[in-house]
Amino acid sequence: MPMLLPHPHQHFLKGLLRAPFRCYHFIFHSSTHLGSGIPCAQPFNSLGLHCTKWMLLSDGLKRKLCVQTTLKDHTEGLSDKEQRFVDKLYTGLIQGQRACLAEAITLVESTHSRKKELAQVLLQKVLLYHREQEQSNKGKPLAFRVGLSGPPGAGKSTFIEYFGKMLTERGHKLSVLAVDPSSCTSGGSLLGDKTRMTELSRDMNAYIRPSPTRGTLGGVTRTTNEAILLCEGAGYDIILIETVGVGQSEFAVADMVDMFVLLLPPAGGDELQGIKRGIIEMADLVAVTKSDGDLIVPARRIQAEYVSALKLLRKRSQVWKPKVIRISARSGEGISEMWDKMKDFQDLMLASGELTAKRRKQQKVWMWNLIQESVLEHFRTHPTVREQIPLLEQKVLIGALSPGLAADFLLKTNKIHPV
(Lines give C-alpha, C1' and ligand atoms only; values in the text may rest on other atoms or scores of the structure.)
Protein backbone atom coordinates (compact mmCIF):
# COMPACT_ATOMS: atom_id res chain seq x y z
CA MET A 1 0.00 0.00 0.00
CA PRO A 2 2.68 2.63 0.85
CA MET A 3 4.19 2.08 -2.62
CA LEU A 4 0.84 2.41 -4.37
CA LEU A 5 -0.35 5.57 -2.62
CA PRO A 6 1.96 8.04 -4.42
CA HIS A 7 0.51 7.01 -7.80
CA PRO A 8 -2.46 8.89 -9.26
CA HIS A 9 -5.68 7.59 -7.79
CA GLN A 10 -7.26 6.96 -11.20
CA HIS A 11 -4.61 4.38 -12.15
CA PHE A 12 -4.77 2.82 -8.70
CA LEU A 13 -8.55 2.34 -8.73
CA LYS A 14 -8.70 1.20 -12.34
CA GLY A 15 -6.13 -1.42 -11.47
CA LEU A 16 -8.39 -2.66 -8.72
CA LEU A 17 -11.18 -3.21 -11.23
CA ARG A 18 -9.04 -5.71 -13.07
CA ALA A 19 -8.62 -7.78 -9.90
CA PRO A 20 -10.94 -10.78 -9.33
CA PHE A 21 -12.69 -9.24 -6.31
CA ARG A 22 -14.72 -6.05 -6.47
CA CYS A 23 -14.99 -4.93 -2.85
CA TYR A 24 -12.05 -3.54 -0.89
CA HIS A 25 -11.59 -2.01 2.55
CA PHE A 26 -8.91 0.64 3.02
CA ILE A 27 -7.86 2.46 6.18
CA PHE A 28 -6.31 5.88 5.70
CA HIS A 29 -5.29 8.41 8.31
CA SER A 30 -6.98 11.77 8.08
CA SER A 31 -3.84 13.30 6.57
CA THR A 32 -3.62 10.74 3.75
CA HIS A 33 -4.03 12.14 0.26
CA LEU A 34 -3.65 10.57 -3.13
CA GLY A 35 -1.80 12.17 -6.04
CA SER A 36 -1.90 15.97 -5.97
CA GLY A 37 -3.25 16.33 -2.44
CA ILE A 38 -6.90 15.55 -3.26
CA PRO A 39 -8.69 13.54 -0.53
CA CYS A 40 -8.96 9.96 -1.77
CA ALA A 41 -12.78 9.76 -1.62
CA GLN A 42 -13.46 12.83 -3.74
CA PRO A 43 -12.97 11.74 -7.37
CA PHE A 44 -15.00 8.51 -7.37
CA ASN A 45 -17.81 9.99 -9.46
CA SER A 46 -15.45 10.60 -12.35
CA LEU A 47 -14.87 6.84 -12.53
CA GLY A 48 -18.55 5.95 -12.28
CA LEU A 49 -17.99 4.26 -8.93
CA HIS A 50 -19.69 4.35 -5.56
CA CYS A 51 -20.09 4.20 -2.52
CA THR A 52 -18.03 5.90 0.19
CA LYS A 53 -18.74 5.44 3.90
CA TRP A 54 -17.00 7.58 6.54
CA MET A 55 -16.43 6.69 10.18
CA LEU A 56 -14.41 8.81 12.64
CA LEU A 57 -12.07 6.77 14.82
CA SER A 58 -9.87 7.90 17.68
CA ASP A 59 -6.68 7.28 15.69
CA GLY A 60 -7.80 8.96 12.51
CA LEU A 61 -10.36 8.73 9.75
CA LYS A 62 -11.37 5.32 8.45
CA ARG A 63 -12.83 5.36 4.99
CA LYS A 64 -14.56 2.27 3.72
CA LEU A 65 -14.37 2.42 -0.03
CA CYS A 66 -16.66 -0.06 -1.71
CA VAL A 67 -15.61 -0.23 -5.35
CA GLN A 68 -18.65 -1.27 -7.32
CA THR A 69 -18.77 -1.63 -11.05
CA THR A 70 -21.58 -0.70 -13.32
CA LEU A 71 -23.41 -3.11 -15.61
CA LYS A 72 -21.06 -2.03 -18.41
CA ASP A 73 -18.14 -3.64 -16.59
CA HIS A 74 -20.02 -6.96 -16.40
CA THR A 75 -20.64 -7.02 -20.15
CA GLU A 76 -17.13 -6.09 -21.30
CA GLY A 77 -16.10 -9.74 -21.70
CA LEU A 78 -19.02 -10.63 -23.98
CA SER A 79 -18.62 -11.06 -27.71
CA ASP A 80 -20.90 -9.11 -30.05
CA LYS A 81 -22.96 -12.24 -30.70
CA GLU A 82 -23.37 -12.90 -26.97
CA GLN A 83 -24.28 -9.28 -26.31
CA ARG A 84 -26.95 -9.35 -29.01
CA PHE A 85 -28.29 -12.62 -27.59
CA VAL A 86 -28.59 -11.20 -24.06
CA ASP A 87 -30.14 -7.96 -25.35
CA LYS A 88 -32.68 -9.92 -27.41
CA LEU A 89 -33.70 -12.00 -24.40
CA TYR A 90 -33.92 -8.96 -22.14
CA THR A 91 -35.98 -6.88 -24.59
CA GLY A 92 -38.38 -9.72 -25.30
CA LEU A 93 -38.65 -10.57 -21.62
CA ILE A 94 -39.68 -7.12 -20.41
CA GLN A 95 -42.14 -6.93 -23.32
CA GLY A 96 -43.83 -10.07 -21.98
CA GLN A 97 -42.87 -12.46 -24.78
CA ARG A 98 -43.37 -16.00 -23.49
CA ALA A 99 -40.74 -17.50 -25.81
CA CYS A 100 -38.07 -15.14 -24.46
CA LEU A 101 -39.10 -15.93 -20.88
CA ALA A 102 -38.83 -19.66 -21.57
CA GLU A 103 -35.42 -19.23 -23.20
CA ALA A 104 -34.21 -17.04 -20.32
CA ILE A 105 -35.21 -19.64 -17.71
CA THR A 106 -33.47 -22.33 -19.78
CA LEU A 107 -30.35 -20.14 -19.78
CA VAL A 108 -30.28 -19.72 -15.98
CA GLU A 109 -30.89 -23.45 -15.52
CA SER A 110 -27.88 -24.33 -17.67
CA THR A 111 -24.81 -25.78 -15.95
CA HIS A 112 -22.47 -24.72 -18.78
CA SER A 113 -19.87 -22.29 -17.39
CA ARG A 114 -20.15 -19.73 -20.21
CA LYS A 115 -23.94 -19.83 -20.20
CA LYS A 116 -23.85 -19.24 -16.44
CA GLU A 117 -21.92 -16.02 -17.10
CA LEU A 118 -24.46 -14.92 -19.72
CA ALA A 119 -27.27 -15.73 -17.29
CA GLN A 120 -25.73 -13.50 -14.63
CA VAL A 121 -25.50 -10.59 -17.08
CA LEU A 122 -29.15 -11.09 -18.02
CA LEU A 123 -30.24 -11.38 -14.39
CA GLN A 124 -28.40 -8.17 -13.49
CA LYS A 125 -30.20 -6.28 -16.28
CA VAL A 126 -33.57 -7.70 -15.20
CA LEU A 127 -32.84 -6.89 -11.55
CA LEU A 128 -32.09 -3.24 -12.39
CA TYR A 129 -35.30 -3.03 -14.41
CA HIS A 130 -37.20 -4.73 -11.56
CA ARG A 131 -35.94 -2.17 -9.04
CA GLU A 132 -36.92 0.73 -11.28
CA GLN A 133 -40.42 -0.70 -11.62
CA GLU A 134 -40.73 -1.15 -7.85
CA GLN A 135 -39.61 2.43 -7.27
CA SER A 136 -42.28 3.67 -9.66
CA ASN A 137 -44.75 1.51 -7.70
CA LYS A 138 -43.93 3.48 -4.50
CA GLY A 139 -41.64 0.72 -3.25
CA LYS A 140 -44.35 -1.94 -3.20
CA PRO A 141 -43.60 -5.42 -4.59
CA LEU A 142 -44.67 -5.94 -8.18
CA ALA A 143 -45.81 -9.52 -7.65
CA PHE A 144 -47.26 -11.78 -4.98
CA ARG A 145 -45.11 -14.88 -4.56
CA VAL A 146 -46.90 -17.96 -3.23
CA GLY A 147 -45.35 -21.32 -2.46
CA LEU A 148 -47.59 -24.39 -2.68
CA SER A 149 -46.39 -27.55 -1.03
CA GLY A 150 -47.77 -30.80 0.27
CA PRO A 151 -47.33 -34.57 0.22
CA PRO A 152 -47.65 -36.56 -3.01
CA GLY A 153 -51.28 -36.90 -4.06
CA ALA A 154 -52.52 -33.88 -2.12
CA GLY A 155 -54.00 -32.39 -5.30
CA LYS A 156 -51.55 -29.53 -5.88
CA SER A 157 -51.74 -29.55 -9.68
CA THR A 158 -55.52 -29.98 -9.72
CA PHE A 159 -55.89 -27.08 -7.30
CA ILE A 160 -53.60 -24.84 -9.41
CA GLU A 161 -55.68 -25.59 -12.51
CA TYR A 162 -58.90 -24.30 -10.89
CA PHE A 163 -57.23 -21.56 -8.85
CA GLY A 164 -55.21 -20.27 -11.82
CA LYS A 165 -58.25 -20.03 -14.11
CA MET A 166 -60.08 -18.06 -11.43
CA LEU A 167 -57.18 -15.59 -11.13
CA THR A 168 -56.76 -15.04 -14.89
CA GLU A 169 -60.50 -14.44 -15.23
CA ARG A 170 -60.11 -11.69 -12.63
CA GLY A 171 -57.44 -9.96 -14.72
CA HIS A 172 -54.24 -11.31 -13.16
CA LYS A 173 -51.22 -12.63 -15.00
CA LEU A 174 -50.15 -15.91 -13.45
CA SER A 175 -46.87 -17.78 -13.64
CA VAL A 176 -46.62 -21.35 -12.34
CA LEU A 177 -43.19 -22.83 -11.63
CA ALA A 178 -43.87 -26.54 -11.21
CA VAL A 179 -41.01 -28.61 -9.79
CA ASP A 180 -40.77 -32.34 -10.47
CA PRO A 181 -38.37 -34.77 -8.79
CA SER A 182 -35.46 -36.15 -10.79
CA SER A 183 -34.72 -39.87 -10.83
CA CYS A 184 -31.95 -41.00 -8.47
CA THR A 185 -30.91 -43.70 -10.95
CA SER A 186 -31.28 -42.22 -14.44
CA GLY A 187 -31.31 -38.51 -13.55
CA GLY A 188 -34.37 -37.94 -15.73
CA SER A 189 -37.62 -36.24 -14.78
CA LEU A 190 -41.16 -36.80 -16.04
CA LEU A 191 -42.21 -33.12 -15.85
CA GLY A 192 -45.82 -34.21 -15.96
CA ASP A 193 -47.49 -31.50 -13.84
CA LYS A 194 -48.31 -29.40 -16.90
CA THR A 195 -50.34 -32.25 -18.40
CA ARG A 196 -52.75 -31.97 -15.45
CA MET A 197 -53.36 -28.28 -16.22
CA THR A 198 -54.82 -28.56 -19.72
CA GLU A 199 -57.12 -25.52 -19.49
CA LEU A 200 -54.61 -23.30 -17.72
CA SER A 201 -51.79 -24.18 -20.13
CA ARG A 202 -53.89 -22.78 -23.02
CA ASP A 203 -54.57 -19.52 -21.18
CA MET A 204 -52.52 -16.64 -22.64
CA ASN A 205 -52.45 -14.90 -19.24
CA ALA A 206 -50.83 -17.92 -17.61
CA TYR A 207 -47.35 -19.33 -18.03
CA ILE A 208 -46.47 -22.81 -16.75
CA ARG A 209 -42.86 -23.91 -16.49
CA PRO A 210 -42.04 -27.44 -15.28
CA SER A 211 -38.48 -27.89 -14.02
CA PRO A 212 -36.53 -30.86 -12.57
CA THR A 213 -34.91 -30.78 -9.13
CA ARG A 214 -31.66 -32.31 -10.47
CA GLY A 215 -30.82 -33.60 -7.02
CA THR A 216 -31.55 -30.32 -5.19
CA LEU A 217 -33.10 -30.96 -1.77
CA GLY A 218 -35.90 -28.98 -0.18
CA GLY A 219 -38.56 -29.50 -2.86
CA VAL A 220 -37.36 -26.80 -5.28
CA THR A 221 -34.72 -26.40 -8.01
CA ARG A 222 -31.29 -24.79 -7.86
CA THR A 223 -32.53 -21.82 -9.92
CA THR A 224 -36.05 -21.25 -8.58
CA ASN A 225 -35.12 -17.79 -7.24
CA GLU A 226 -33.78 -16.75 -10.63
CA ALA A 227 -36.91 -18.04 -12.39
CA ILE A 228 -39.11 -16.01 -10.01
CA LEU A 229 -37.18 -12.83 -10.85
CA LEU A 230 -37.47 -13.46 -14.60
CA CYS A 231 -41.22 -14.10 -14.37
CA GLU A 232 -41.72 -10.85 -12.47
CA GLY A 233 -39.64 -9.02 -15.06
CA ALA A 234 -41.96 -10.41 -17.75
CA GLY A 235 -44.95 -8.79 -16.06
CA TYR A 236 -46.56 -11.66 -14.14
CA ASP A 237 -48.11 -10.34 -10.93
CA ILE A 238 -48.78 -13.69 -9.23
CA ILE A 239 -46.06 -16.34 -9.04
CA LEU A 240 -47.02 -19.82 -7.85
CA ILE A 241 -44.24 -22.25 -7.00
CA GLU A 242 -45.46 -25.82 -6.83
CA THR A 243 -42.91 -28.00 -5.05
CA VAL A 244 -42.37 -31.71 -5.44
CA GLY A 245 -44.37 -34.01 -3.19
CA VAL A 246 -42.68 -33.29 0.14
CA GLY A 247 -42.28 -34.71 3.62
CA GLN A 248 -41.89 -33.06 7.01
CA SER A 249 -38.55 -31.32 6.51
CA GLU A 250 -38.66 -30.07 2.90
CA PHE A 251 -39.68 -26.43 3.09
CA ALA A 252 -36.93 -24.58 1.19
CA VAL A 253 -39.65 -22.81 -0.81
CA ALA A 254 -40.59 -20.85 2.32
CA ASP A 255 -37.34 -18.87 1.90
CA MET A 256 -38.35 -17.79 -1.62
CA VAL A 257 -41.97 -16.67 -1.32
CA ASP A 258 -44.18 -14.13 0.44
CA MET A 259 -46.74 -16.72 1.54
CA PHE A 260 -46.32 -20.43 2.13
CA VAL A 261 -49.46 -22.51 1.58
CA LEU A 262 -49.56 -26.15 2.66
CA LEU A 263 -52.04 -28.46 0.97
CA LEU A 264 -52.99 -31.60 2.90
CA PRO A 265 -55.24 -34.50 1.89
CA PRO A 266 -58.08 -35.47 4.27
CA ALA A 267 -56.22 -38.60 5.43
CA GLY A 268 -53.15 -36.66 6.47
CA GLY A 269 -52.63 -38.15 9.92
CA ASP A 270 -53.72 -37.17 13.40
CA GLU A 271 -53.18 -34.04 15.49
CA LEU A 272 -49.66 -35.14 16.40
CA GLN A 273 -48.55 -34.64 12.78
CA GLY A 274 -49.60 -31.00 13.06
CA ILE A 275 -47.60 -30.41 16.23
CA LYS A 276 -44.35 -31.77 14.79
CA ARG A 277 -41.79 -29.09 14.07
CA GLY A 278 -41.01 -28.78 10.38
CA ILE A 279 -43.11 -27.94 7.39
CA ILE A 280 -46.30 -27.29 9.42
CA GLU A 281 -44.83 -24.46 11.45
CA MET A 282 -43.59 -22.76 8.26
CA ALA A 283 -47.09 -22.62 6.75
CA ASP A 284 -49.03 -19.33 6.62
CA LEU A 285 -52.15 -21.11 5.40
CA VAL A 286 -53.13 -24.78 5.61
CA ALA A 287 -55.71 -26.02 3.11
CA VAL A 288 -57.35 -29.43 3.48
CA THR A 289 -58.02 -30.54 -0.09
CA LYS A 290 -60.60 -32.90 -1.63
CA SER A 291 -63.31 -31.73 0.74
CA ASP A 292 -66.19 -33.16 -1.26
CA GLY A 293 -68.34 -36.30 -1.43
CA ASP A 294 -67.47 -38.99 1.10
CA LEU A 295 -64.36 -37.08 2.20
CA ILE A 296 -66.20 -34.09 3.69
CA VAL A 297 -66.42 -35.65 7.16
CA PRO A 298 -62.70 -36.65 7.31
CA ALA A 299 -61.77 -33.21 5.95
CA ARG A 300 -63.71 -31.47 8.71
CA ARG A 301 -62.06 -33.65 11.34
CA ILE A 302 -58.58 -32.93 10.00
CA GLN A 303 -59.37 -29.21 9.85
CA ALA A 304 -60.43 -29.17 13.52
CA GLU A 305 -57.34 -31.13 14.56
CA TYR A 306 -54.94 -28.83 12.76
CA VAL A 307 -56.65 -25.70 14.09
CA SER A 308 -55.95 -26.91 17.62
CA ALA A 309 -52.44 -28.08 16.71
CA LEU A 310 -51.40 -24.71 15.24
CA LYS A 311 -52.29 -22.99 18.51
CA LEU A 312 -49.37 -24.80 20.15
CA LEU A 313 -46.80 -23.54 17.64
CA ARG A 314 -44.74 -20.39 18.10
CA LYS A 315 -45.95 -17.25 16.34
CA ARG A 316 -43.81 -16.15 13.40
CA SER A 317 -45.71 -12.95 12.61
CA GLN A 318 -47.09 -10.16 14.76
CA VAL A 319 -50.00 -9.48 12.41
CA TRP A 320 -50.99 -12.88 11.01
CA LYS A 321 -52.12 -16.14 12.52
CA PRO A 322 -52.02 -19.23 10.26
CA LYS A 323 -55.47 -20.33 9.14
CA VAL A 324 -56.83 -23.80 8.32
CA ILE A 325 -59.49 -24.05 5.62
CA ARG A 326 -61.22 -26.73 3.52
CA ILE A 327 -61.26 -26.59 -0.27
CA SER A 328 -62.34 -28.69 -3.21
CA ALA A 329 -60.88 -28.22 -6.68
CA ARG A 330 -63.63 -30.43 -8.11
CA SER A 331 -66.59 -28.42 -6.79
CA GLY A 332 -64.76 -25.11 -6.29
CA GLU A 333 -65.79 -24.92 -2.65
CA GLY A 334 -63.64 -22.64 -0.53
CA ILE A 335 -61.21 -21.57 -3.26
CA SER A 336 -62.57 -18.02 -3.66
CA GLU A 337 -62.53 -17.61 0.14
CA MET A 338 -58.96 -18.93 0.14
CA TRP A 339 -57.88 -16.18 -2.28
CA ASP A 340 -59.54 -13.59 -0.03
CA LYS A 341 -57.46 -14.83 2.92
CA MET A 342 -54.31 -14.72 0.80
CA LYS A 343 -55.01 -11.09 -0.13
CA ASP A 344 -55.65 -10.27 3.53
CA PHE A 345 -52.26 -11.80 4.35
CA GLN A 346 -50.53 -9.72 1.69
CA ASP A 347 -52.19 -6.47 2.82
CA LEU A 348 -51.38 -7.03 6.50
CA MET A 349 -47.77 -8.00 5.83
CA LEU A 350 -47.24 -5.01 3.53
CA ALA A 351 -48.79 -2.54 5.98
CA SER A 352 -46.71 -3.83 8.89
CA GLY A 353 -43.43 -3.86 6.94
CA GLU A 354 -42.93 -7.56 7.61
CA LEU A 355 -43.10 -8.43 3.92
CA THR A 356 -40.27 -6.04 3.08
CA ALA A 357 -38.13 -7.42 5.91
CA LYS A 358 -38.91 -10.96 4.81
CA ARG A 359 -37.80 -10.30 1.23
CA ARG A 360 -34.56 -8.74 2.42
CA LYS A 361 -33.84 -11.79 4.54
CA GLN A 362 -34.59 -14.02 1.57
CA GLN A 363 -32.07 -12.10 -0.55
CA LYS A 364 -29.38 -13.00 2.01
CA VAL A 365 -30.43 -16.65 2.04
CA TRP A 366 -30.29 -16.69 -1.78
CA MET A 367 -26.80 -15.16 -1.78
CA TRP A 368 -25.41 -17.62 0.78
CA ASN A 369 -26.95 -20.60 -1.01
CA LEU A 370 -25.11 -19.53 -4.18
CA ILE A 371 -21.87 -19.01 -2.25
CA GLN A 372 -22.14 -22.47 -0.70
CA GLU A 373 -22.82 -24.06 -4.08
CA SER A 374 -19.99 -22.17 -5.81
CA VAL A 375 -17.41 -22.89 -3.09
CA LEU A 376 -18.22 -26.61 -3.06
CA GLU A 377 -18.09 -26.82 -6.86
CA HIS A 378 -14.80 -24.91 -6.97
CA PHE A 379 -13.32 -27.20 -4.31
CA ARG A 380 -14.43 -30.42 -6.01
CA THR A 381 -13.12 -29.36 -9.41
CA HIS A 382 -9.74 -28.14 -8.13
CA PRO A 383 -6.97 -30.19 -9.82
CA THR A 384 -5.27 -31.17 -6.56
CA VAL A 385 -8.52 -32.23 -4.94
CA ARG A 386 -9.58 -34.22 -8.01
CA GLU A 387 -6.30 -36.15 -7.85
CA GLN A 388 -6.73 -37.01 -4.16
CA ILE A 389 -10.41 -37.99 -4.18
CA PRO A 390 -10.09 -41.42 -5.92
CA LEU A 391 -7.34 -42.53 -3.52
CA LEU A 392 -9.29 -41.39 -0.46
CA GLU A 393 -12.46 -43.04 -1.72
CA GLN A 394 -10.56 -46.31 -2.16
CA LYS A 395 -9.18 -46.11 1.39
CA VAL A 396 -12.66 -45.49 2.75
CA LEU A 397 -14.05 -48.45 0.82
CA ILE A 398 -11.45 -50.89 2.21
CA GLY A 399 -11.84 -49.51 5.72
CA ALA A 400 -8.36 -48.00 6.00
CA LEU A 401 -9.88 -44.56 6.70
CA SER A 402 -13.17 -43.47 8.16
CA PRO A 403 -15.18 -40.99 6.06
CA GLY A 404 -14.60 -38.32 8.72
CA LEU A 405 -10.81 -38.75 8.69
CA ALA A 406 -10.77 -38.77 4.89
CA ALA A 407 -12.71 -35.49 4.76
CA ASP A 408 -10.46 -33.95 7.42
CA PHE A 409 -7.34 -35.01 5.52
CA LEU A 410 -8.68 -33.55 2.27
CA LEU A 411 -9.45 -30.20 3.90
CA LYS A 412 -6.15 -29.92 5.77
CA THR A 413 -3.94 -30.90 2.84
CA ASN A 414 -5.62 -28.22 0.75
CA LYS A 415 -5.25 -25.63 3.52
CA ILE A 416 -8.96 -25.47 4.40
CA HIS A 417 -9.15 -25.83 8.16
CA PRO A 418 -12.57 -26.02 9.84
CA VAL A 419 -12.93 -23.66 12.77
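Quick check for you: with a 1.4 Å probe and neighbouring chains kept, what is the accessible area per residue of the stretch 71-136, in Å²?
Numbers: 3780 Å² over 66 residues.
With the other protein chains kept in place, the stretch 71-136 gives 57 Å² per residue.
For the stretch 272-335, what % of the accessible area comes from carbon and sulfur atoms, probe 1.4 Å?
After summing per-atom areas, the C and S share lands at 53 percent.
What distance in nm separates the two pseudo spin-label positions at Val365 and Ala267, each 7 Å out from Cα along the beta-carbon direction?
3.3
His112 to Ser79: extension gain in nm, 0.36 nm per residue of separation minus the Cα-Cα distance?
Stretched out fully, the His112 to Ser79 stretch lengthens by 10.2 nm.
Express in nm, to one decimal, how much length is gained between Glu169 and Gln95 on full extension, taking 0.36 nm for each residue of separation and deducting their alpha carbon distance.
Once the chain is fully extended between Glu169 and Gln95, it gains 24.5 nm.
Suppose all protein chains stay in the model; what accessible area per residue would a 1.4 Å probe give for the stretch 363-415, in Å²?
It amounts to 80 Å² per residue over the stretch 363-415.
At a 1.4 Å probe, what is the % contribution of carbon and sulfur to the accessible area of the stretch 71-136?
The computed percentage sits at 48.
Work out how much length Glu199 to Ser331 would gain on full extension: take 0.36 nm times their residue separation and subtract the Cα-Cα distance, in nm to one decimal. Don't jump to the answer; show the numbers that get you there.
Numbers: separation 132, 0.36 × 132 = 47.52 nm, distance 1.61 nm.
So the chain would gain 45.9 nm between Glu199 and Ser331.
Could you check the spin-label model distance between Leu376 and Leu128? Points 7 Å from the Cα along Cα→Cβ, value in nm.
Those two pseudo-labels are separated by 3.3 nm.
Taking a ≥ b ≥ c as the square roots of the eigenvalues of the Cα gyration tensor of the stretch 71-136, is the shape rounded (a/c under 1.5), prolate (a/b larger than b/c) or oblate?
Details: a/c = 1.69, a/b = 1.25, b/c = 1.35.
Oblate, because a/c is 1.5 or more while a/b does not exceed b/c.
If contacts are Cα pairs under 8 angstrom and at least 6 residues apart, what is the relative contact order of the stretch 71-136 in percent?
Result for the stretch 71-136 is 33 percent.
What residues have an amide H closer than 5 Å to that of Tyr207, excluding those fewer than 5 places away on the same chain, when H is modeled at 1.01 Å from N in the peptide plane?
Amide H to amide H, under 5 Å and 5 or more residues apart or across chains, Tyr207 pairs with Leu174, Ser175, Val176.
Sort 145-158, 336-349 for me by packing, meaning the mean count of neighbouring Cβ atoms within 10 Å per residue, highest on top.
145-158, 336-349
Carbon and sulfur atoms: what percent of the 1.4 Å accessible area of the stretch 363-415 do they account for?
Working: 2680 of 4230 Å².
Carbon and sulfur together cover 63 percent of it.
The values are calculated or read from the model by the stated rules, or taken from the named source; none is laboratory data. Quick caveat: nothing in here was measured; it's all calculated off a predicted structure. We place every Cβ from the backbone using ideal geometry, glycine too, and count neighbours over all the protein chains shown. Surface areas here come from the heavy atoms of the whole protein model, side chains and all, with no ligands, DNA or RNA. Shrake-Rupley method; radii C 1.70, N 1.55, O 1.52, S 1.80 Å.
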